[in-house]
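Read the structure below first, then the notes.
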Amino acid sequence: MTKMYAFWSSVMLTTGRYKGNPVAKHLVIPGMKPQLFERWLALFEATCRELFDDTTSEAFRIKAERIAKSLKLALFYRPEHPWPPEPRP
């Protein structure tokens, strides 16, 4: 939790406390797949609505969506393999 606190402190308050590599951390998570980000975003948004006023919650939501998009691209996008994969006929 300490690293997550540092991460969100850096993201939201620009404290510079986080010194890690989120992409590398997520690369080693077993079973990591793009669909998990939608679930994470839903849980994160619900938690923010419980903890913060509307303005602060919205600020967190916007940042979280950008981070999720960046992580998905870094983890799963490969130019030689379109993503999301195109459905097979």
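The values are calculated or read from the model by the stated rules, or taken from the named source; none is laboratory data. All figures in this text were calculated on a predicted structure; none of them were measured in a lab. As a convention, Cβ positions derive from the backbone with ideal geometry for all residues, glycine included, and neighbour counts pool all protein chains shown.
A few points about this structure:
For every residue, the table says whether it meets (1) in contact with a strand residue (DSSP E or B) (Cβ under 8 Å, 6 or more places away or on another chain); (2) surrounded by 14 or more Cβ atoms within 10 Å (Cβ to Cβ); (3) at pLDDT below 95; (4) outside any helix (DSSP H, G or I).
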| position | (1), (2), (3), (4) |
| --- | --- |
| Tyr5 | no, no, yes, no |
| Val23 | no, no, yes, no |
| Pro30 | no, no, yes, yes |
| Glu45 | no, yes, no, no |
| Ala64 | no, yes, no, no |
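- Residue check for Leu71: of a type in the set (A, V, I, L, M) and touching a His at 6+ places or on another chain (Cβ under 8 Å): yes
- Meets criteria (among the hydroxyl-bearing types (Ser, Thr, Tyr), surrounded by 12 or more Cβ atoms within 10 Å (Cβ to Cβ), touching an Asp or Glu at 6+ places or on another chain (Cβ under 9 Å) and not in a loop (DSSP other than H, G, I, E, B)) for Ser10: no
- Here is the figure for the range 32-43: residues that are surrounded by 12 or more Cβ atoms within 10 Å (Cβ to Cβ) and part of a helix (DSSP H, G or I) total 4.
- Filter result (touching a Ser or Thr at 6+ places or on another chain (Cβ under 9 Å), without any contact (Cβ under 8 Å) to a residue 24 or more places away in the chain and under 17 Å from Leu71 (Cα atoms)) within the range 20-56: none
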